[in-house]
Amino acid sequence: MKCVLGLCQMQVTQDKGENLRRADALLEQAAQQGANLALLPEMFNCPYDNGCFPQYGEEAGGETWQFLAKAAKKYRLTLVGGSVPELEGGRIYNTSYIFSPQGVELGRHRKLHLFDIDVPGGQRFRESDTLSPGQQITVVDTDFGPLGVAICFDIRFSELFRVMGQRGAKLILIPAAFNMTTGPAHWDLSFRMRALDNQCFVAGCSPARDTTASYVAYGHSLLCGPWGDILGQLEEKEGVLVQEVPLEKLELYRGQIPILQGRRTDLYGTREA
């Protein structure tokens with residue numbers, strides 16, 4: 001099956017209902033433009049703010065989960081539902097739900113690496129003040145083959161992406177909200193390197209930039225290819241990018257520079273499958 005990805009870079013507000021309506025409109029737009037796979041931003045149903053995560057949090061099966069299941073079925077999309085604050089067992093997780101075009105949950109990814117940074121003169125944020133880390137690497141079976149899912153700060157840990165690649169992921173989707181300190185410095189570079197390292201396709205979807213928010217997202221949602229190139233990218237405003245992902249060409253790229261087949265694992269004292 002041909003894979004056509006829709007990246008839905010939406011403006012996130014303080015009104016959860018409005019956020020769901022915006023997400024629905026962008027998913028409809030992506031489907032109308034031919035997308036059969038879609039990605040929403042990190043924390044798309046609430047502001048990216050520690051003070052908001054408990055207030056907007058929901059258990060699995062709640063309002064946002066139901067919205068995502070219905071939208072996937074309505075628009076016949078394999079849907080990676082950005083991420084939301086998930087409540088379970090007295091904890092809050094930064095969680096991405098993945099749905100089939102039939103509206104069935106295929107899996108979920110809880111952010112493994114919490115965003116705790118303090119850059120002098122730049123961004124300070126501590127997700128661990130509110131959120132708990134996930135424990136599972138996420139690769140789900142889809143109509144397009146194995147699909148890897150990670151969330152934002154996860155992208156800085158190359159070992160995670162290597163394992164997803166070993167588990168068959170040729171495409172990895174990442175809801176993410178880099179800021180105005182890390183975004184200009186590391187956004188394009190991070191996505192290009194993870195795609196190049198693992199000779200796969202990697203896409204990131206950010207919230208649109210809102211300079212009035214307590215946390216200002218960088219935007220620039222993008223799709224990167226196994227050559228380390230940017231195949232498509234938005235700017236900072238709300239919008240939809242629909243791009244075909246030529247998964248059938250992946251073996252051609254890998255054959256040209258066979259690093260995945262030619263690793264000297266004996267040098268590192270490890271043995272890979």
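The values are calculated or read from the model by the stated rules, or taken from the named source; none is laboratory data. Predicted model only: the values in this text are computed from it and were never measured. Note: ideal-geometry Cβ built from the backbone for every residue, glycine included; neighbour counts use all protein chains shown. Quick note on the areas: whole protein, heavy atoms, side chains included, nothing else; ligands and nucleic acids left out. Shrake-Rupley method; radii C 1.70, N 1.55, O 1.52, S 1.80 Å.
Summary value for the chain: 19 percent relative contact order, contacts being C-alpha pairs under 8 angstrom separated by 6+ residues. Each Lys and Arg Cβ is given +1 and each Asp and Glu Cβ -1; about its Cα centre, the range 77-118 then shows a dipole of about 120 debye. Ordered from largest to smallest accessible area (heavy atoms of protein chains, 1.4 Å probe), the residues GLU88, GLU18, GLU59 come out as GLU59, GLU88, GLU18. If you roll a 1.4 Å probe over the chain with all protein chains in place, what percent of the accessible area is carbon or sulfur? Within the chain, the accessible surface is 48 percent carbon and sulfur. Principal-axis analysis of the Cα atoms of the chain puts helix 16-32 at an angle of about 40° to the longest axis.
Normalised per residue, the accessible area of the range 6-114 is 36 Å², obtained with a 1.4 Å probe and no contribution from ligands, DNA or RNA. Over 21 Å between C-alpha atoms is what I'm after, so list which of LYS73/LYS249; LYS2/LYS111; LYS2/LYS170; LYS16/LYS70; LYS170/LYS237; LYS170/LYS249 land there. From LYS73/LYS249; LYS2/LYS111; LYS2/LYS170; LYS16/LYS70; LYS170/LYS237; LYS170/LYS249, over 21 Å: LYS73/LYS249; LYS2/LYS111; LYS170/LYS237. In the chain, a dipole from Cβ-located charges (positive for Lys and Arg, negative for Asp and Glu) runs towards its positive end, and of THR95, PHE115, GLY145 it is GLY145 whose Cα lies farthest in that direction.
Extension gain, ALA25-ASP129: 0.36 nm per intervening residue step, less the Cα-Cα distance, totals 34.1 nm.
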